[in-house]
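The values are calculated or read from the model by the stated rules, or taken from the named source; none is laboratory data. What you see is a predicted model; the values in this text were computed from it and never measured. Glycine also receives a Cβ, built like all others from the backbone with ideal geometry; neighbour counts cover every protein chain displayed.
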Amino acid sequence: MLPFKLVYHERYDLNLGPHVFPSQKFRLIYEMLLRDGLAKQEDFLRPDPAADEDILRVHTSDWVRKLKTGTLTASEVMQMEVPYSPELVQAVWLAAAGTILAAQSALRDGFGSNLSGGFHHAYPGHGEGFCAIHDVAVAIRRLQADGAVKKVMVVDTDVHHGNGTAAIFRNAPTVFTISIHQENNYPAHKPPSSIDLNMADRADDDEYLGVLIPAVQKALDEFQPEILFYVGGADPYCEDQLGGLSLTKEGLKQRDRQVFEEARRRKIPVATTLAGGYARRVEDTVRIHVNTILSAREVAEKYSHESSKSA
């Protein structure tokens, strides 16, 4: 058994059919974890769809109504870049609930991982870039409303800037946002995060980690969050179709492990979500996302071993 919970629902699949977004990846990650003996059935939690009350902590009532009734304009669907369907709406409501569950699990166990989520391009009143509902923002606002935490940090490692996250939390002193992304890539307009780490085209493992880890260390020390939300992008991978960075699978795993170590060394819980991943071979994307779970397990086991030694 894993030392923390994973969150999955079979309807996470956005039901997109042939599309650059490999919506089947959520199921493939789940199947790989079980097939390779990395997780057992009892390691998984299954979310119910998020309550509209929680979605409305972030999103406008107009946008929620349009999604639930299928009354988006053609331009709103075009901006979202995925076809509208009732299955899409169900998937993103489930993903938001899954990220809430992963965060609640992290507060209890040190880690919690949603096998979906990280839909960081969604704005309060519209969707963008394959994202309709901002699950991480919803989970943050739910935890804060419950009084579970006050100060929250988001570390976003998708190859694309977390524009929705930056916009939602622009004037929120209790939420610190870090986005490391390829500068010359989507979106064209990048509202400022608390820290933006703009990487040049074809940046490699060493360049990337040399920028990210010191920034995370400094931010954790100065801001001192009570939980860290980690948006784990598979798309900085060198063979990604929508990315232009040159990270290897090992470099990406090192990225995950080092961020997790910095957080857990400071006793800060970590809730992980996925983000983009568009490798030419979908199994590469799946492996990179599975490696995020493996990195969390390695760090969780290391720190539980150290705490048992000190006890």
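Brief remarks on what is shown
- Residues (over 15 Å from GLY129 (Cβ atoms) and assigned to a strand (DSSP E or B)) located in region 160-179: VAL175, PHE176, THR177, ILE178
- Elements of type helices (runs of 4 or more DSSP H) in region 22-129, at least 2 residues being of a type outside the set (Asp, Glu), at pLDDT 95 or above and within 26 Å of LYS302 (Cβ to Cβ): 25-35, 86-109
- Scan of region 262-273 for residues that are surrounded by 18 or more Cβ atoms within 10 Å (Cβ to Cβ) and either over 18 Å from the mean Cα position of the chain (by Cα) or of a type outside the set (S, T, N, Q) (or both), ordered by number: GLU262, ALA263, ARG264, ILE268, PRO269, VAL270, ALA271
- Residue list for region 133-159, restricted to those being surrounded by 24 or more Cβ atoms within 10 Å (Cβ to Cβ) and not in a helix (DSSP H, G or I): ILE133, HIS134, VAL152, MET153, VAL154, VAL155, ASP156, THR157, ASP158, VAL159
- First in region 65-87 and more than 21 Å from ASP54 (Cβ to Cβ) and without any contact (Cβ under 8 Å) to a residue 12 or more places away in the chain, second anywhere and assigned to a helix (DSSP H, G or I) and of a type outside the set (Asp, Glu), Cβ under 8 Å, 6 or more apart: THR71/ARG65
- The residues of region 138-149 that are within 18 Å of ILE178 (Cβ to Cβ) and not small (Gly, Ala, Ser), listed by number, are ILE140, VAL149.
- Residues that are of a type in the set (Val, Ile, Thr) and in a strand (DSSP E or B) were ranked within region 180-212; the one that is nearest to the chain's Cα centre (by Cα) is ILE180.
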